[in-house]
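Here is the structure we will look at.
The values are calculated or read from the model by the stated rules, or taken from the named source; none is laboratory data. Fair warning: this is a prediction, and the values are worked out from it, not measured in the lab. Ideal geometry is used to build each Cβ from the backbone, glycine not excepted, and the neighbour counts take in all protein chains shown. When the accessible area is computed, the model is the full protein with side chains, heavy atoms only, and any ligands, DNA or RNA have been set aside. Shrake-Rupley method; radii C 1.70, N 1.55, O 1.52, S 1.80 Å.
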Amino acid sequence: MSVIARAMALRAGDQRGIWRAERLDAVDSSINRLIDLEAASDIIRSWDMRFVPGLLQVPHYSLGVIKGTARRLSDDVARERMFMKNMRVDALSRRLAGMQTPTREPLARFVVGELALTQQWTFDAHEQQLRHLLHMAAHPHVRIQVLPLRRLACAASDHFSLYSGLHQETRQYAGYAETDAGGMVVTHPDDTMRLLGVFADLSSDALGEGESMQVIQRELDRWTVKARRS
């Protein structure tokens, strides 16, 4: 099934006009459809200014983000959503583990805002999260770049993901972002080409991979000292 067909499956059944993904109270079906969409993509691009992107999150960091941004959720529901979100991370990890042949373009490309490296959502999980970023950045099929705070972000939105895959020799794109009103999906060529251009600009403004790993390592060193003193 194509990327666009899988993206269409994310749309809420009662939606008319704009494309809204299923409501958060149907998070299980939305997660499964996002996993399908990611499985159909041979290139995944993700930008996030405030958070470590979802596909790079360790479970307890993810739980901190969920509880910090959806404060009305009970602890039980927040943990359930953490486990559901981690299904996407596991699916990507299994796919990366099975990739043997080098490719021209990394499977997953991430531009992470420096704010995400310094803003802890759970004190205990932040060091683990930074170590995981370094581990993932070393993978040959993953590219992670850090966008410093001193550089003006060219994106109007603070996050989005762009999925791309071939269908009958035609490359298709689908954009996805979560908002306070719910998840939004775009597949119109004008919209996805705009996202592709924005991501290219973000990647150009961000630090290179080597320098990005140095920034993450410095923050990890600083955080490790801070954690030991507390």
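Just a few scattered comments:
- Per-residue HN-Hα couplings for region 40-53 [Karplus 6.51, -1.76, 1.60; θ = phi - 60°; Hz; x = Gly/Pro]: 7, 9, 9, 9, 10, 10, 9, 10, 8, 8, 9, 10, 5, x
- In this structure the chain gives 53 Å² per residue of accessible area when probed at 1.4 Å with all protein chains present.
- Three-way shape label, region 113-230, alpha-carbon gyration tensor, a/c 1.5: prolate
- The charge dipole of region 132-223, taken about its Cα centre with unit charges on the Cβ atoms of Lys, Arg (+1), Asp and Glu (-1) only, comes to about 220 debye.
- Whole-Å distance, taken between Cα centres, linking region 141-215 and region 30-57: 11 Å
- Normalising the average separation of contacting C-alpha pairs (under 8 angstrom, six or more residues apart) by the number of residues puts the relative contact order of region 132-200 at 20 percent.
- Relative contact order (%) - criterion: Cα under 8 Å, at least six apart; region: the chain: 28 percent
- With contributions of -39500 (n - 2.57) from each DSSP H run of at least four residues, the per-residue ellipticity at 222 nm computed over the chain stands at -15500 deg cm²/dmol.
- Highest GNM mean-square fluctuation among SER93, SER164, SER203, for the chain modelled with Cα contacts below 10 Å: SER93.
- Local electrostatic count at ALA108 - Lys and Arg +1, Asp and Glu -1, tallied over other residues with Cβ under 12 Å: +2
- Span per principal axis, largest first, for the Cα atoms of region 160-224 (Å): 46, 32, 20
- The equivalent ellipsoid of the chain has semi-axes of 27, 22, 17 Å, largest first, where each one is the square root of 5 times an eigenvalue of the Cα gyration tensor.
- GNM remark for the chain: springs join alpha carbons under 10 Å apart, and the peak mean-square fluctuation among MET87, MET99, MET193 falls on MET99.
- Taking 0.36 nm per residue of sequence separation and removing the Cα-Cα distance, the LEU73/HIS60 pair yields an extension gain of 3.1 nm.
- Share of pairwise Cα-Cα distances greater than 22 Å in region 26-130 is 34 percent (whole percent).
- Net charge contributed by nearby residues that have their C-beta within less than 10 Å of LEU63 (K/R +1, D/E -1): +3
- Two-decimal ratio, region 85-128, of alpha-carbon radius of gyration to 2.2 N^0.38 Å: 1.53
- Candidates LEU56, LEU166, LEU133: whichever shows maximal mean-square fluctuation once the chain is modelled as a Gaussian network with Cα springs under 10 Å: LEU166
- At full extension, LEU96 and ALA181 could sit 27.4 nm farther apart than now, given 0.36 nm per residue minus the alpha carbon distance.
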